[in-house]
Amino acid sequence: MSWETVIGLEIHVQLSTKSKLFSGGSTEFGAESNTHVDLIDMGLPGVLPVANKEAFYKAIRFGLATGANINQTSSFDRKNYFYPDLPKGYQITQMTQPIVEKGSIKIAVDDYEKEINITRAHLDEDAGKSIHDMFEGETGVDLNRAGTPLLEIVSEPEISNAKEAVAYFKAIRQLVTFLDICDGNMAQGSMRCDANVSVRKIGEEKLGTRTETKNVNSFRFVEKAIQYEIERQIHEIESGNEITQETRLYDPEKNETRSMRSKEEAHDYRYFPCPDLLNIELERGGVDKIRDDLPELPDQKKLKFINDFNITPYDAEVIIAEQVTAEFFEAIATNTDGKIAANLLINELFGRLNKDNLSFKENPITVKQMRELIDLIKLDKISSKGSKEIFDHIWKSGGNPAELVNELGLEQVQDTGLIEKIVDAEGHVGFDVTPNVVPTMRYLLPPKPIITAENAVSY
Ligand code: ADP
């Protein structure tokens, strides 16, 4: 029997505002537990929330970049549920009138592209964290995260397999970092994803019963969790069982999803309009101002890199995967040499970061060092082997590439008269002459070549 998969993702993006969605509490990550907590975040009675304008600005930027409708009026509702890490007993969210509706984003998978529609993107507040492994037999609660603004981006059920889901998640991450509305730090939980998955027989119109796997926070886990869930559902149905609509959790250690609870329906949450907050009315012309302020988006950047820096579409794609890498590339390639810059960035710098398991923000090499290195390669002052040696040196111990050429004795012989003398003396150019000559001269073999000034410099 042939099955097809239907997936809809809900991606929670932590907006990078300084303060929380409804209080002046700081959103800084990693502070000592319960030190960034305002009265509102503790859920004390008698204090009123005030909406954070910056969070709206950031949500609207996202809406505009995905061609969505920005609702002139939006509002907040209370979603009631009880967890120790949500002391108010309800989450303030946008259920009936979200700020952003009906956008779309393009994804690229292997050899095809696809447009995924975004149903809505609404603002809500994050909960705190329950900590189960700190106190014997007790659970600790850290409210630092409570009230941090989230943009919840809900896709239409149009994603057809795990690979497309990862491509969609990556495209959203790329966009929010380009828009500078989220730091994109998956390890710190700045982006999390709930994956809704169902299967149906090919050709069937009606959607199958879905499960929702909660809080998956890496691309690899999204792919694995969805793949597991697809196989599990098909196996269940083919064994004559029914799929239960439920919330599941992914366990990366066992690579399986497990049932957490039966899925709540909207009425379980007793949504009602939040009486503490007025509707949000956008000022006239406000959205246009935000539109004028939009930065270059990934697709525009890609085209610009291909045209202005003469690099391949593939290299451009790799470089624009993150806003920080795109920015770094632009800084090192402008007025130097795009191709050399792309090659150094992708093969040396990304390679090294990968090998040492570092994020780009931990990159120890500066724009100035890269520009110097590119110039040395461009002017043929060093060989490709020499450039690798300098790169290795500045990666490990810093330094100035222009000076390192001399210190490490890597200057390439460009004096054709000298080369001719060496050839005359040695009778051939080979590995025994001088290591610095080898990489550019090896094409001049076989032995006893006739070297003229022209052909020597042209290689
Ligand atoms: P709820 O608010 O009850 O979680 P929504 O209708 O808002 O449900 O949908 C939430 C997410 O689930 C959306 O991303 C949507 O595309 C997806 N979804 C809805 N139905 C299905 C289904 N049958 N299979 C897969 N995904 C689905």
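The values are calculated or read from the model by the stated rules, or taken from the named source; none is laboratory data. Just so it is clear, the model here is predicted, and its values are computed rather than measured. Counting neighbours? That spans all protein chains shown, and the Cβs are built from the backbone with ideal geometry, glycine included. Ligands, DNA and RNA are stripped out before the accessible areas are found, and what is left, the full protein with its side chains, is counted by its heavy atoms. Shrake-Rupley method; radii C 1.70, N 1.55, O 1.52, S 1.80 Å.
Taking 7 Å steps out from each Cα toward its Cβ at GLU317 and GLU115 produces label points 2.0 nm apart. Volume per residue of the convex hull around the Cα atoms, evaluated for the range 8-54, comes out as 116 Å³. For the pair the range 30-46 / the range 206-270, the C-alpha centres are spaced 33 Å from each other. Shape of the range 330-423 from the C-alpha gyration tensor: prolate (a/c of 1.5 or more and a/b above b/c, with a ≥ b ≥ c the square roots of its eigenvalues). Taking all protein chains as shown and a probe of 1.4 angstrom, PHE82 keeps an accessible surface of around 150 Å².
Across the range 278-393, the volume of the C-alpha convex hull divided among the residues equals 147 Å³ per residue. Sequence-ordered 3J(HN,Hα) estimates for the range 257-273 from the Karplus curve with 6.51, -1.76 and 1.60 and θ = phi - 60° stand at 9, 10, 5, 10, 6, 6, 5, 6, 9, 3, 5, 5, 8, 6, 4, 8, x Hz, glycine and proline given as x. Using the 1.4 Å probe convention, the accessible area of the chain works out to 51 Å² per residue with neighbouring protein chains retained. With kT/(6 pi eta Rh) evaluated at 20 °C and eta = 1.002 mPa s, and Rh the Kirkwood radius from Cα pairs, the range 135-241 diffuses with a coefficient of 134 µm²/s according to Stokes-Einstein. Ligands, DNA and RNA left out, the accessible area of the chain computed with a 1.4 Å probe is 50% carbon and sulfur. For a label point 7 Å from the Cα of GLN188 along Cα→C-beta, name the residues of the range 4-32 whose backbone N is under 16 Å from it. In the range 4-32, the label zone of GLN188 (backbone N under 16 Å from the point 7 Å along Cα→Cβ) covers 13-20, 26-32. Projected over every direction and averaged, the convex hull enclosing the alpha-carbon atoms of the range 207-296 yields 10.9 nm². For THR27, the accessible area of its heavy atoms, probed at 1.4 Å with every protein chain present, is near 40 square angstrom. For the chain, the longest principal axis of the Cα atoms and the long axis of helix 384-397 meet at an angle of about 50 degrees. Each residue of the range 95-101 was assigned a 3J(HN,Hα) from its phi angle through the Karplus expression (A = 6.51, B = -1.76, C = 1.60, θ = phi - 60°), giving 8, 8, 10, x, 6, 10, 9 Hz with x at Gly and Pro.
For the chain, adding -39500 (n - 2.57) for each run of n ≥ 4 DSSP H residues and dividing by the number of residues yields -10000 deg cm²/dmol at 222 nm. Given the chain reduced to its alpha-carbon atoms as identical point scatterers, what log10 I(q)/I(0) does the Debye formula return at q = 0.08, 0.09, 0.12 Å⁻¹? Here log10 of I(q) over I(0) equals -0.62, -0.74, -1.09.
Shown here: the range 181-224, whose C-alpha atoms stretch 41, 22, 15 Å along the first, second and third principal axes, sorted largest to smallest. Just to be sure I understand the curve: with the Debye formula and one point per C-alpha of the range 46-145, what is log10 I(q)/I(0) at q = 0.14 Å⁻¹? Result of the Debye calculation: -0.72.
Rounded to the nearest 0.05, what FRET efficiency do PHE135 and MET260 have when you use their Cβ-Cβ distance and R0 = 30 Å? The calculated FRET efficiency here is 0.85. The solvent-accessible area of ASP276, taken with every protein chain present and a 1.4 Å probe, is close to 50 Å².
Between SER2 and LYS53, the distance separating the two model label sites (each 7 Å from Cα on the Cα→Cβ line) works out to 5.7 nm. Modelled label positions at ASP293 and GLU204, each set 7 Å beyond Cα in the direction of Cβ, lie 4.8 nm from each other. Between the range 73-150 and the range 353-401, what is the C-alpha centre distance in whole Å? One Cα centre to the other: 41 Å. In the range 211-254, the C-alpha radius of gyration followed by the widest Cα-Cα span (Dmax) gives 11.0, 33 angstrom. Of the residues ASP124, ASP268, ranked by 1.4 Å probe accessible area with the largest first, the sequence reads ASP268, ASP124.
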